[in-house]
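The next block holds one structure in the form of structure tokens; read it before the comments.
The values are calculated or read from the model by the stated rules, or taken from the named source; none is laboratory data. As the structure is a computational prediction, the values presented were derived from the model and not from experiment. Cβ coordinates were reconstructed from backbone atoms using ideal geometry, including for glycine residues, and neighbour counts include every protein chain displayed.
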Amino acid sequence: MVIDRLAAGPDTDTFWKRSQQVTTPCGRQSEGCVMPRKFSRRKIVSLLSPIAASLALVSGLANASAAAPAPQAAASATIQNDVFWKDTSGNPIYSQGGGVLKVGDTYYWYGAKYNGAVSYYNNPSGGKNSNTSFNAITTYSSTDLAHWKFEGNAMTTADINGGWVGRIGVAYHPTTRKYVLVSQLDSGLVFATSSTPNGHFTKAGTQSSIGNVSTGMSGDQSIFTDDDGKAYVIFSNKSGRSHLYVSALRGSDFLHVENATNIYNSSAGGREGNIMFKHDGTYYFCSSDLHGWNSSHTYCITSSKITGPYSPEFVMQGTDADFSHVTQTGLAFSVTGTTGSFVMFGGDRWADFAGNGIGYNDWVPVTFNGKTPVFNSMNQWNIDAAAGTFTVGSGNNYVMNPSVEADRVAQNTLAGWTNNGSGNSNKQGGHTGRWTIQQSSPSAYNATMSQNIKVPNGTYELSAWVKSSGGQKTATIFAKNFGSSEKNYSIKQSIGNWTKVTVPGITVTNGSIQVGVYSDANSGNWVNVDDFSLVQTG
């Protein structure tokens, strides 16, 4: 099918040691990925022959296949998170609260451009600006999922003018041969169509209510296309957002949302950022906390049928230590290649533009341990979209929640970090973003904030940005428990401006390391530490 199926499998490239064939989940703190399966040439031919015969029958989808010229196969490329992404022309990418549709070998990414996003990009140190006014629905395309070409604006204020526009998705209707865009518009929905995936979309209708919904309309939503080509709206109710729903788009043209099926009611608070993906016949409906566009754990329910019944809710494995790589659930789609597959999780950072650190888009692979989805939080990773595989990037930062932006509010215990002693907390006024680690107390104190991290053996460099009052008995950025004696950098001197300190030449021989900040300090002494980084150098 030309519309990419949202079914994923666990096969991925080995992270660090290609000789290992373990089934531990892939991520910063894992030892490997499942090796790709190998098939004989005869076996491949036997598998592909019935597929080729089936494809010859799906003439209704021919228009989608012909919508764009077939590009050359994508090569391995690098995805760098925690930065502002730029398109192939060097301009900032503005796409949030959207979705991805695969047409042939090309992925099309639709999302909203907000005026506040432009302001924050131009001046991140200016902090939150709370400007969510709509500018455009943008379209980008890619064959390798790392390099994105700006195709143009699918719609602008000249096409849809109102207050809130967002939570956008596109599905292809094989009978009308139209690409159908569905978006929230103020308190309702707007529909638009285009003959091509990268063309201008023309408004085709609106909808003011959805049947069987407790408050009459969707809260956060996304569009999911199933294996059979049917498309659905995945959402929670508008006010309160504690009720989760699945609604089919009208079969004849996708230009209306049918009556909803209430699949789950959360007793733990509202759910938003609702997305769906499918793996091995199981549907995964995933959402975030109701935190006002802030980072969150990712919560999921599962079912063998799209309309349920669904399982009890659980937190996706790997989203606890840094709250889904300091993002909110934004989009999901499968990446299925010649030797492996996984689900791409597209996390959004916005927090009223902005408060979750640098960058709006942070994408990571989701793999599976049986039917258990595993979030692989990585700062940098290599993707081969054609093969459906990935590896950890050579410049990956192995520290979780390194800029302590995940916690959103004042805390003493921070996501991903472990405290010992007293005087540990966060505070506003970070080197980047809003928050920084702080060690301080009105009385003498002894404090450690640290992470124990599993890493491949090799040589590493630890760095952090620091300020210090000076006067402590001891204050250090340290690395220890890596198979040799501790290495550290003293910060007990007065450091009035943000200063980067580095601990190089850390040779890990036991597959793990502890990094952090330590203070043995007097009353009133303080240190601020932000933007930890642990990168392999050899």
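So here's what we get for this one:
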| read-out | value |
| --- | --- |
| Residue satisfying all of: in region 149-170; within 30 Å of GLN380 (Cα to Cα) and surrounded by fewer than 24 Cβ atoms within 10 Å (Cβ to Cβ); modelled with the lowest pLDDT among these | GLY166 |
| Within region 292-334, tally of residues that are out of contact with any helix residue (DSSP H, G or I) (no Cβ under 6 Å at 6 or more places or on another chain), surrounded by 24 or more Cβ atoms within 10 Å (Cβ to Cβ) and of a type in the set (Val, Ile, Thr) | 4 |
| Matching residues, region 239-280, being of a type in the set (Lys, Arg) and either under 22 Å from the mean Cα position of the chain (by Cα) or surrounded by 19 or more Cβ atoms within 10 Å (Cβ to Cβ) (or both) | ARG241, ARG271, LYS278 |
| The lone exception for PHE390 - which of (1) among the hydrophobic types (A, V, I, L, M, F, W, C); (2) in contact with a helix residue (DSSP H, G or I) (Cβ under 8 Å, 6 or more places away or on another chain); (3) part of a strand (DSSP E or B) it fails | (2) |
| Selection status of ASP384, within 18 Å of the chain's Cα centre (by Cα), modelled with pLDDT under 95 and not hydrophobic (A, V, I, L, M, F, W, C) | no |
| Pick from region 285-320, criterion among the hydrophobic types (A, V, I, L, M, F, W, C) and modelled with pLDDT under 95, ranking: farthest from ASN379 (Cα to Cα) | LEU290 |
| Residue in region 437-452 that is among the aliphatic types (A, V, I, L, M) and more than 28 Å from the chain's Cα centre (by Cα) present | yes |
| PHE134 vs. criteria more than 24 Å from CYS286 (Cα to Cα), among the hydrophobic types (A, V, I, L, M, F, W, C) and touching a residue at least 60 places away in the same chain (Cβ under 8 Å) | no |
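Per-residue answers, yes or no, for (1) surrounded by fewer than 23 Cβ atoms within 10 Å (Cβ to Cβ); (2) farther than 16 Å from GLY359 by Cβ; (3) at pLDDT 95 or above; (4) among the β-branched types (Val, Ile, Thr):
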position: GLY99; (1), (2), (3), (4): no, yes, yes, no
position: THR106; (1), (2), (3), (4): yes, yes, yes, yes
position: THR138; (1), (2), (3), (4): no, yes, yes, yes
position: SER142; (1), (2), (3), (4): yes, yes, yes, no
